Amino acid sequence: MKMKKIVYLFLLISPFFFGQNNATALFDAANDLYRKEKYTEAIEKYESILNQNQLESSELYFNLGNCYYKLGKIAPSIYNFEKALLLNPSDEAIKTNLSFAQNRAIDDIKVSPKVGFSNFFLKTIGFFNVTIWAWLAVGFSVFFLLFFIGYYFSATALIKRIFFVGMFFILAFLFCSVLFAYVLNRQDKVIRPAIVFEELVNVKTEPKTSSENAFMLHEGTKVFVKETLENWKRIELTDKSEGWIKKEAIRELKD
């Protein structure tokens, strides 16, 4: 009976480890192709990791973005840099390469300035993604438990006081981490960024082909999806312009 359990356990975990090893081998092979300037072949390797193993990382998307940038494909390069930034929002290399790619896009959409405490708050919590804030909350929970044990078993009043005060500080950090994770999670559900992939597309005033053109967009432009209606998506630009676009003309960054 014990042997069967071990075999079952091996069957359950072996695909994970073999998948990880295979993904690592593909990633190393793709990196080698990139160094040899074989960008098309490198892209095939990188994307096979995503398609076959469903393993995501900021490094993978970053390298994909670099390959597409080298090939002069603006929309895919911006898309992959943006995907990398979602997973690692504080990485300066990703931000730099994204700005290079965006400079090659045709559309120069102005950004409506955001001011006030809410903007400062969102920028602060956006330094980490939801997963990191959640793990920080777990870490603070562990520290809170350790400080509570220290307080409970301390023999002297001074040590008890130190642990007691520390518990309140850790509790405050724990609360903030949970709050930030909650706010970012809600943002992820509400804010739906996307990248235009068609070379040139007309944005309509209404969700139908016969309606008037509101404006035109070129590949690589970042938009925000506000609503979906059959084969159309209502989008908003960073300058607050709105219109309707065919859903196949864009690719959303969040699945």
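Answer yes or no as to whether Ile94 is touching a helix residue (DSSP H, G or I) at 6+ places or on another chain (Cβ under 6 Å) and either among the charged types (D, E, K, R) or within 21 Å of Val130 (Cα to Cα) (or both).
Working: touching a helix residue (DSSP H, G or I) at 6+ places or on another chain (Cβ under 6 Å): yes; either among the charged types (D, E, K, R) or within 21 Å of Val130 (Cα to Cα) (or both): yes.
In short, yes.
Inside region 151-255, counting only strands (runs of 3 or more DSSP E) that do not spill past its ends, which hold 1 or more residues that are within 22 Å of Ala75 (Cα to Cα), open to solvent by 30 Å² or more (accessible area, probe 1.4 Å) and touching a residue at least 60 places away in the same chain (Cβ under 8 Å)? Walk me through how you get there before you give the answer.
Details: elements: 193-196, 200-204, 213-218, 222-229, 232-236, 242-246, 250-252.
Of the strands (runs of 3 or more DSSP E) lying wholly inside region 151-255, those with at least 1 residues that are within 22 Å of Ala75 (Cα to Cα), open to solvent by 30 Å² or more (accessible area, probe 1.4 Å) and touching a residue at least 60 places away in the same chain (Cβ under 8 Å) span 213-218, 222-229, 250-252.
Among the residues of region 107-121, is any open to solvent by 70 Å² or more (accessible area, probe 1.4 Å), farther than 29 Å from Glu236 by Cα, among the hydroxyl-bearing types (Ser, Thr, Tyr) and assigned to a helix (DSSP H, G or I)? Write out each step before concluding.
If we filter region 107-121 for residues that are open to solvent by 70 Å² or more (accessible area, probe 1.4 Å), which is where we start, we get 108, 110-111, 113-115, 117-118, 120.
Filter once more, keeping what is farther than 29 Å from Glu236 by Cα: none.
No, region 107-121 has no match at all.
Quick check on this structure: which one of Glu82, Glu41 is modelled with pLDDT of 95 or more, of a type in the set (D, E, K, R) and open to solvent by less than 20 Å² (accessible area, probe 1.4 Å)? Talk me through it step by step, then tell me what you get.
Numbers: Glu41 fails: open to solvent by less than 20 Å² (accessible area, probe 1.4 Å).
The match here is Glu82.
So which residues in region 68-79 are hydrophobic (A, V, I, L, M, F, W, C) and open to solvent by less than 20 Å² (accessible area, probe 1.4 Å), if there are any at all?
Within region 68-79, Ile74, Ala75, Ile78 qualify.
The values are calculated or read from the model by the stated rules, or taken from the named source; none is laboratory data. What you see is a predicted model; the values in this text were computed from it and never measured. All Cβ positions, glycine included, derive from the backbone under ideal geometry; neighbour counts span all protein chains shown. Protein only, heavy atoms only, side chains kept; ligands, DNA and RNA dropped before computing areas. Shrake-Rupley method; radii C 1.70, N 1.55, O 1.52, S 1.80 Å.
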